[in-house]
Amino acid sequence: MFEVRMLRRLSASTAATLLFLSASGCVKEISSDERLDRETQNLAVKDTPGVSDLQKLTCDDTTDALGKARNVNRPETDRLVDYIELYSSLRKRTTTFEEAMNRNPDLSYREGSQQIVNARDTCIQQTADVKVEFETYMRELVMVPTVQEIKGGNTVTIARLDFNTLRQAIETLEPDDKDALLSRVAGAEGKISAASPSSDDSGSGGRKGRK
């Protein structure tokens, strides 16, 4: 009987100890959301470009691309494509700098960091400048999306450029009045289609360029 009572006491004591340990473990246990946040943060830091990667980024190489986009003797569709590609590239490089430096603020204080800071500032300024120029050109095209030409002795209205490219430009810039601009393009396209449904110039490519 004595041995039975001792076993019962030991069992009760062991159960209490296990219960205490279990309760203590629950206090330290992190939630699934917290664990996901930690893993996401670790992944973000891991994927963040390092100093050597950021030192390779630059936005000083815009002269040739801007020269092509500004060339009034080139087809306006091609010019708009150049603006789209240049602005998208600059915005991507700027975002890379900002995300890397926001995730790892120490990048701004390490040896050689001034080069990175200067490159980031250049990208921010270049992106802003190109956006203004790009948007000005896009709005000019939206306001006057068609031109008149003489064909077979008759005056016909044709698209000034490829309307799908113009839509892409609007989507890339994402101005506050995006929907209104897209509606204006759709209206111009509809008028051309109604006037000459068999015409190959209806929003397909526009004219070659300014004379």
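The values are calculated or read from the model by the stated rules, or taken from the named source; none is laboratory data. Keep in mind that what you see is a predicted model, and the values were worked out from it rather than measured. So basically every Cβ, Gly included, is an ideal-geometry build from the backbone, and we count neighbours across all protein chains shown. For accessibility, only protein heavy atoms count, side chains too; no ligands or nucleic acids. Shrake-Rupley method; radii C 1.70, N 1.55, O 1.52, S 1.80 Å.
Annotations
- Out of ALA119, ALA169, one residue alone is under 26 Å from LEU57 (Cβ atoms), out of contact with any helix residue (DSSP H, G or I) (no Cβ under 6 Å at 6 or more places or on another chain), open to solvent by less than 50 Å² (accessible area, probe 1.4 Å) and part of a helix (DSSP H, G or I). It is ALA119.
- Unique residue being open to solvent by less than 70 Å² (accessible area, probe 1.4 Å) and out of contact with any Pro (no Cβ under 7 Å at 6 or more places or on another chain) when the list is GLN126, GLN114: GLN126
- Verdict on THR77 being part of a helix (DSSP H, G or I) and open to solvent by 40 Å² or more (accessible area, probe 1.4 Å): no
- Taken together, LEU107, LEU182, LEU161 contain a single residue that is touching a helix residue (DSSP H, G or I) at 6+ places or on another chain (Cβ under 9 Å), of a type in the set (A, V, I, L, M, F, W, C) and at pLDDT below 90, which is LEU107.
- Any hit, the stretch 46-58, residues being surrounded by 10 or more Cβ atoms within 10 Å (Cβ to Cβ), at pLDDT below 85 and of a type in the set (A, V, I, L, M): yes
- VAL132 of a type in the set (Val, Ile, Thr) and closer than 22 Å to THR77 by Cα: yes
- Meets criteria (under 15 Å from the mean Cα position of the chain (by Cα) and not small (Gly, Ala, Ser)) for THR58: no
- Test: residue in the stretch 135-150 that is at pLDDT below 95, open to solvent by 60 Å² or more (accessible area, probe 1.4 Å), outside any helix (DSSP H, G or I) and not acidic (Asp, Glu): yes
- Residue match in the stretch 82-98 (condition: open to solvent by 80 Å² or more (accessible area, probe 1.4 Å), in a helix (DSSP H, G or I) and under 24 Å from SER52 (Cα atoms)): yes
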